[in-house]
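What follows is a single structure, written as structure tokens, with notes after it.
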Amino acid sequence: MIARDGYTTIALVLFFCTTAYTLTYFFVDHWVAYILYAVLVLLILQVLWFFRDPDRTPPAGPDLIIAPADGTVVLVKEVDEPVYIKGKAKQVSIFLSTLDVHVNRNPVSGVLEYVKYHPGKFLAAWDERASDLNERADFGVLHNSGTKVFYRQITGLLARRIVYRIQEGDQLTAGERFGMMKFGSRMDVLVPAHVQITVKKGDRTKAGESVLGSIESGS
């Protein structure tokens, strides 16, 4: 299954590859065109692989915090969160390489109370400063328990476009798709300090399936 947010990019890549091959074949050299053809096929396959969108089955449990992104946990620490939680919080940061699935999913169920897009820089996504300085989109969800959960889509060196299809007032369901980040990026999830986080630095996550922690167990 291909993510719908990739259709335009895939079409542009196919147009570019077809044009490049045709011009090379007729105006440069046939053998050069054959070599270019092999390179362009690999490029197309890579783009199709990047925009894959596999089905996921969220784990049962209304109080579970589910990973919103595929990737590697690069940071777990306590921070001050002044925007939505407005107090002490625990932050989990997930780095997505270009080989990871980039479709994002809701980490919890609840009402989306806060959405804000921020233009910014394009620091490497594993850099801690990326959370505050890079281009990003912020989301604040009031979980059904009354707990606030804050998360961010963050661009990286290669990721230059953030896509999301949710807005303030929406009722979200944990594990459902809400958008994607294109070509390498980072996702932060922040929860109040009392919430238990069960992942650690170096763990691998799958969006919509991996459990980051539990709201109930930390209450």
Take the stretch 39-85, drop everything but the C-alpha atoms, weight them equally and run the Debye formula without solvent; then report log10 I(q)/I(0) at 0.27 Å⁻¹ to two decimals. -1.11
Ignoring everything except DSSP H segments at least 4 long, calculate the 222 nm mean residue ellipticity for the chain; use -39,500 (n - 2.57) per segment, divide by total residues, nearest 500. -7000 deg cm²/dmol
Cα-based helix-to-principal-axis angle, 30-50 vs the chain, degrees rounded to 10: 10 degrees
Choice from 165, 204, 56 showing the highest fluctuation, given a GNM over the chain with Cα pairs closer than 10 Å: 165
Of 142, 14, 23, the most mobile residue in a GNM of the chain (C-alpha springs, cutoff 10 Å) is 23
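Sequence gap at least 6, Cα distance under 8 Å: using those rules, report the relative contact order of the chain to the nearest whole percent.
Value for the chain: 26 percent.
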Using alpha carbons only, how many angstrom separate the centre of the stretch 74-121 from the centre of the stretch 160-219? 6 Å
Counting only the heavy atoms of the protein chains, how much of residue 80 is accessible to a 1.4 Å probe, in Å² to the nearest 10? 110 Å²
Relative to the chain, whose Cα atoms define the longest principal axis, helix 7-27 and its Cα axis are tilted in degrees, nearest 10, by 20 degrees
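Once neighbouring chains are kept in place and the probe is 1.4 Å, which whole percent of the accessible area of the chain is contributed by carbon and sulfur?
Heavy-atom surface of the chain belonging to carbon and sulfur, 1.4 Å probe: 60 percent.
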Could you work out which residue, out of 66, 166, 94, moves most in a Gaussian network model of the chain, that is, has the largest mean-square fluctuation with Cα springs under 10 Å? 166
Once the piece of chain linking residue 83 and residue 145 is laid out straight, how much longer is it, given 0.36 nm per residue of separation minus the C-alpha distance between them? 20.3 nm
If you count only protein heavy atoms with a 1.4 Å probe, what accessible area per residue comes out for the stretch 167-219, rounded to a whole Å²? 44 Å²
Cross-link partners among lysines for residue 88, C-alpha distance below 25 Å, same-chain residues fewer than 8 apart left out? 77, 116, 148, 200, 201
Sticking with the crude label model, points 7 Å out along Cα→Cβ, report the distance from residue 98 to residue 53 in nm, one decimal please. 2.2 nm
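The values are calculated or read from the model by the stated rules, or taken from the named source; none is laboratory data. Model, not experiment: these values are computed from the prediction. No Cβ is skipped: glycine too gets one built from the backbone with ideal geometry, and neighbour counts run over all protein chains shown. Ligands, DNA and RNA are excluded from the accessible area calculation, which covers all protein heavy atoms including side chains. Shrake-Rupley method; radii C 1.70, N 1.55, O 1.52, S 1.80 Å.
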